[in-house]
Each structure stands twice: as C-alpha cells, then as structure tokens.
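I have placed the structure first, in the form of structure tokens, so that the comments after it can refer back to it.
The values are calculated or read from the model by the stated rules, or taken from the named source; none is laboratory data. Note that the structure is a prediction, hence the values are computed from the model and not measured. Cβ placement follows ideal geometry from the backbone for every residue including glycine, while neighbour counts extend to all protein chains displayed. Note: accessible area is taken over every heavy atom of the protein model, side chains too, but ligands, DNA and RNA are not part of it. Shrake-Rupley method; radii C 1.70, N 1.55, O 1.52, S 1.80 Å.
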Amino acid sequence: ALRQLQETLFADLAVFHNRFRDLLSLEPGTPFQEGERIILPLVERNLTKGRAYGAEISLELRATDRLRTNVGYSYLNLSLEPDAGSRDTTQSRTAGASPRHTVFVRPSFSLSPGLELSGSLRWVDALPSQSVPSYAEADLRIAWRPRPSLELSLIGRDLLHARHREFGSVAEIQRTVFGRLKWNF
C-alpha cells in the first residue's frame with residue numbers, strides 16, 4: 001500500500017504468503033532401450049506443493065522537482081516439497097534458484113527540461129542451488145527529449161563487472177552500452 005509519509009517521502013509495502021499445490025514435477029518414467037542406449041524418460045506431473053512468503057518495501061524521496069531517489073528491499077522465502085508418491089528430486093534446486101534478499105537504489109535527476117540522468121545500483125543475494133554468488137551491479141542512462149514524443153538515450157547496463165553470472169553456471173551477463181531512439185506516435 002502506497003503511503004505518503006511526508007510531503008516529499010512516500011513508502012510502499014507489500015507482504016505476501018502463498019500456498020501452492022499441484023505444481024509441476026518431473027517424474028521418472030519407464031526406462032526403454034533405443035539401440036545401444038537405455039533411455040530414462042522424465043514425465044511431467046503435478047506432484048509438488050510449496051509455499052512462498054516475503055515482503056517488499058520501497059521508499060521514494062522527492063527531494064526537489066528535479067531529484068528523485070527510490071530505495072527498496074525485498075525478502076523471499078520459497079520452499080517446495082514433493083507430494084507423497086513423487087520421485088522428483090529437482091524441488092530443492094528450484095527453491096534455491098531465487099534470491100532471498102535484494103536491495104536497490106535508483107536515483108534520477110532532471111539536468112534541464114528534456115534532459116534526464118538516471119541510474120540504479122542493485123545487490124542480489126546468492127542462488128545456492130545454481131552456484132551463483134551474490135553480486136552488485138549498476139546501470140546508468142542519460143536521455144534527451146527534444147520533443148515529448150521523441151527520446152534519444154545512451155544506456156549502460158551491468159557496468160561494475162565485464163561479466164557476471166545471474167542464473168545457472170553457463171550463461172553470463174555482459175556489460176553493455178547502447179543507444180536508443182524512442183518515438184511515440
């Protein structure tokens with residue numbers, strides 16, 4: 001619920017608790033031989049249950065007409081377990097594939113009418129089941145609007161490291177810098 005704490009300070013808090021049943025599970029099927037190989041198929045079933053609870057809070061400070069800053073934190077606790085009769089062994093990996101803690105800061109500054117500088121700094125907790133350590137990253141954007149329907153911007157993403165892992169052990173996110181032309185009509 002968004003709430004104005006003071007004239008220039010706003011807070012938003014969300015708390016949640018969910019119970020799930022009949023979630024997707026991967027169950028071993030009947031093995032069969034194909035040429036020289038023995039195939040063990042995985043069959044999709046709905047034999048998993050779980051729960052998720054957590055909270056998200058964000059604060060927005062409107063220091064001036066030209067300067068705004070958002071700060072936020074989220075907490076997530078996710079647990080999954082197989083139903084009776086399930087032989088799926090992937091639930092513990094799935095539950096550990098979401099960060100438990102995330103923190104962000106997003107300032108934006110109007111340099112002049114039509115010229116804006118904004119950025120973000122985020123810290124994301126480790127993903128134990130994916131062997132991904134916690135990390136911090138930053139993004140930066142400068143945008144010029146010569147007209148209300150036209151925006152030219154230069155954007156840098158993941159600027160603190162040349163590359164880092166966010167999910168899994170193979171794919172890495174690379175630092176990127178690019179320009180963008182946005183025209184609304």
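What do you get for Rg/Rh over segment 55-185 if you use C-alpha atoms and the Kirkwood form of Rh?
Reported Rg/Rh, Kirkwood definition of Rh: 1.11.
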For segment 27-185, what does the accessible surface come to per residue with a 1.4 Å probe? Please give it in Å². 65
Ranked order, 87, 163, 141 - accessible area, probe 1.4 Å, largest first: 87, 163, 141
Rounded to the nearest percent, how much of the accessible area of the chain (1.4 Å probe, protein heavy atoms only) is carbon and sulfur? 57
For the pair residue 84 and residue 171, how long in nm is the line joining their label points, each one 7 Å along Cα→Cβ? 3.9
Exposed GluC sites (Glu not before Pro) absent: longest stretch of the chain, with sites in DSSP loops and at most 12 other Cβ within 10 Å deemed exposed: 37-185
Over the chain: helical MRE at 222 nm, DSSP H runs n ≥ 4 each giving -39500 (n - 2.57), nearest 500: -500 deg cm²/dmol
If you find the alpha carbon centre of segment 61-111 and of segment 124-185, how far apart are they in angstrom? 17
How large is ³J(HN,Hα), in whole Hz, for each residue of segment 75-91 in order, when computed from phi with the Karplus curve 6.51 cos²θ - 1.76 cosθ + 1.60 and θ = phi - 60°, using x for Gly and Pro? 10, 9, 10, 10, 10, 10, 8, x, 5, 4, x, 7, 10, 6, 10, 9, 4
Using a 7 Å offset from the Cα along the Cα-to-Cβ direction at both residue 32 and residue 67, what is the distance between the two label points in nm, to one decimal? 6.8
Which FRET efficiency, nearest 0.05, do residue 101 and residue 22 yield, Cβ-Cβ r, R0 35 Å? 0.75
